[in-house]
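Shown next, in structure tokens, is the structure this report addresses.
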Amino acid sequence: MKNTNKTVTIIAICILFFSSAISASAEAFFSGYSGAAITANPTETLQKPQLTGQAFFAGQFDLSGIFVFRTELSVQTDNIFSHGLFQDTPASFSIDEISVTTRFKTRTASHFFAIFLGEYESIGSDLFLQRQFGIRPFGSKIMETWLGLNGTAIYPFSGAGLTYTVRFQYPTALGAYFYVNEKDSLINLNTDIRFAGIFNNAVFDIAIGASFPIETKDSSGKNVFLLIRTMDIHSGFSLLLGNRYSTSLFLQGGIHKLRVNPKQNEHVLKLSDLYFIIEPRFVGKRLQFHFSLFNIPQDMAEDLFYIQNPMGCNLTVFSDNLQIGMFNTTIGSLFTLSAQDKTLSDINTIRTENLAFQIAPFLSTRIFGGTLNTSIKLDVLDLKEWRDSFKFTLGYKVQL
């Protein structure tokens, strides 16, 4: 109950803040997104299955076309049935983004200055391209999540910081980010530059930056006020060659951390810090086929539904824009072959017993102004222990 009261208090403060902003301007415009999903999987007895929930809310107030106030909140619950359906359930709550953006135009470009707390338009997410160019999301189906608009990120721009973006008349944009956060129990100063653009048959988003860990002890163990001994380089990109209506190639990749001047027991680059998705997409008259090769961090895979292990390949087959009665529907299935407990560093040790082959049929329907998604997932190579891999999810997203 204590955590619930804290959550309600934070949400109330955010609502009060934005209500005050609206009253200060007669030309305020609100838009937002909201989504929720439940995921269920059986237990050994089948009497009380595991049931967890995810939800997010993202709101934006545009004041007279000059200031934009944004906030995004997300919640992820523990097993709802563990304490009873109508009892308090432990949950992790986070304020994913609070930001204020001011903008103005010159003859040749639009300029945006923003101050933010939380995660802000991270590389690997479509959010930056959506906000700057108004395009539809084009990321991979296998990376879908219900934890906010940013979704999964190659490298998160998170912490407390500020950013400047210039969008040119030609459909390209250039951005610079400066922010502070905590990683590995150290305060880090971060800076990134970004370049993105859209063309008739190409969309790209590229970023590169560096983190500077601030230490308070020197090599002999003595306390110091500030010591920057090393630097971590990170980068990422998203690229779509072609468009969603024809055969295309989607590429996404990056480096989470490349350490300059490492200690004796540290690596310059760990294979687990590499990220990539290679996804050719083929569009036919009735069916679309997306084939993916992927390698993602383990902690990222834990937040996804369609991917269980960090390394593998996937085939997604689906039929889009089917008219079933009065509903516009997408029906398809994902087939994912992956290696359990294996990474690029020990890829040569993969054996048949390490493999998982998951089948995940899904259905997506436009209804009540939003999108209703449902899917089930099962590892067909381990049917004896089917309860460990079987999952069902039902979710709904809507633009407010």
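Please identify the longest segment of the chain free of exposed trypsin sites (Lys or Arg not before Pro), where exposed means a DSSP state other than H, G, I, E or B and no more than 11 other Cβ atoms within 10 Å.
108-221
With a 1.4 Å probe and every protein chain kept in, tell me what percent of the accessible surface of the range 182-222 is carbon plus sulfur.
61
Return an integer: the convex hull volume of the alpha-carbon atoms of the range 257-363, in Å³ per residue.
About 131 Å³ per residue, rounded to a whole number.
What does the convex hull of the Cα atoms come to per residue for the chain, in Å³?
195
With all protein chains present and a 1.4 Å probe, how do Glu144, Glu72, Glu215 order by accessible area, largest first?
Glu144, Glu215, Glu72
Per 0.36 nm of contour for each residue apart, how much would the distance between Val317 and Phe67 grow if the chain were fully extended, relative to their Cα-Cα spacing?
Going from the current span to full extension adds 85.7 nm.
Computed FRET efficiency, Cβ-Cβ of Phe368 and Lys270, R0 41 Å: what is it to the nearest 0.05?
Efficiency for this residue pair is about 0.35.
Compute the separation of the alpha-carbon centres of the range 56-73 and the range 270-303 and state it in Å as a whole number.
Their Cα centres are 31 Å away from one another.
Between Gln169 and Glu385, what is the label-to-label distance in nm when each label sits 7 Å out along the Cα-to-Cβ direction?
Label-label distance for Gln169 and Glu385, simple model: 6.3 nm.
What is the Cα convex hull volume of the range 92-222 when expressed per residue in Å³?
Each residue corresponds to 141 Å³ of Cα convex hull volume.
Given q = 0.12, 0.13 Å⁻¹, what are the Debye log10 I(q)/I(0) values for the range 172-277, with equal point scatterers placed on the Cα positions and solvent ignored?
-0.54, -0.61
Pull out the extension gain between Phe289 and Leu162, defined as 0.36 nm times the separation in residues minus the alpha carbon to alpha carbon distance; nm, one decimal.
41.7 nm
Subtract the Cα-Cα distance of Ile324 and Ser246 from 0.36 nm times their separation in residues, and report this length gain in nm to one decimal.
25.7 nm
Given the whole protein assembly as supplied and a 1.4 Å probe, what does the accessible area of Met326 come to in Å², nearest 10?
Taking all protein chains as shown, Met326 has close to 150 Å².
Determine the sum of side-chain charges near Ala356: Lys and Arg each +1, Asp and Glu each -1, restricted to other residues whose C-beta is under 12 angstrom from that of Ala356.
-4
When Lys and Arg each count +1 and Asp and Glu each count -1, what net charge do the other residues less than 12 Å away from Ile233, Cβ to Cβ, add up to?
That works out to -1.
The values are calculated or read from the model by the stated rules, or taken from the named source; none is laboratory data. Note that this is a predicted model, so its numbers are computed, not measured. Positions of Cβ are backbone-derived with ideal geometry, glycine not excepted, and every protein chain shown enters the neighbour counts. What goes into the accessible areas is simple: the full protein's heavy atoms, side chains included, and nothing from ligands, DNA or RNA. Shrake-Rupley method; radii C 1.70, N 1.55, O 1.52, S 1.80 Å.
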